[in-house]
Amino acid sequence: MVLHPLLPGASKVQNSQDGTIWAISGKAAKYGNVNRSKVGTAGQSCDRLEAMSTGYHDARVNLMLLFDIAIFEDSKRYILQELKAWVAWFVGGSKDMGYLNVCSLLFL
């Protein structure tokens, strides 16, 4: 995952999308060797929405790392079946406030 150095503060889906475009376009090369064929997004808790949205809308993203996901809108569960990238979904333990919601989602 590449964080765009010019987009500090509260994160938004557009920031994640812009950061992905920025990295893939070659502008991140000055920070190290960037393999543009292996692009991933990552997010924890609410930020996983940004990671998932970026991966869902950009076919160049081939991995999503989603950590401690507390919520998911029932009306949008179909999106899970439409994801084209690999997804690593890490659920927090039983003390995570979203644990029960996530477990019910995983065992549909």
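Return the pairs, sorted by first residue and then second, in which the second residue is modelled with pLDDT of 85 or more, the first residue lies in segment 26-38 and is at positive phi, the beta carbons are less than 9 Å apart, and the residues are 6+ apart or on different chains. Qualifying pairs under 9 Å: GLY26/VAL34; GLY26/ARG36. The residues of segment 20-51 that are modelled with pLDDT of 85 or more, among the small types (Gly, Ala, Ser) and surrounded by fewer than 17 Cβ atoms within 10 Å (Cβ to Cβ), listed by number, are SER25, GLY26, ALA29, GLY32, SER37. Restricting segment 52-90 to residues that are surrounded by fewer than 18 Cβ atoms within 10 Å (Cβ to Cβ) and charged (D, E, K, R) leaves a set whose member that is modelled with the lowest pLDDT is GLU73.
The values are calculated or read from the model by the stated rules, or taken from the named source; none is laboratory data. Just so we're clear, the structure is a prediction, and the values are computed from it rather than from any experiment. In this analysis, Cβ positions are derived from the backbone assuming ideal geometry, glycine residues included, and neighbour counts consider all displayed protein chains.
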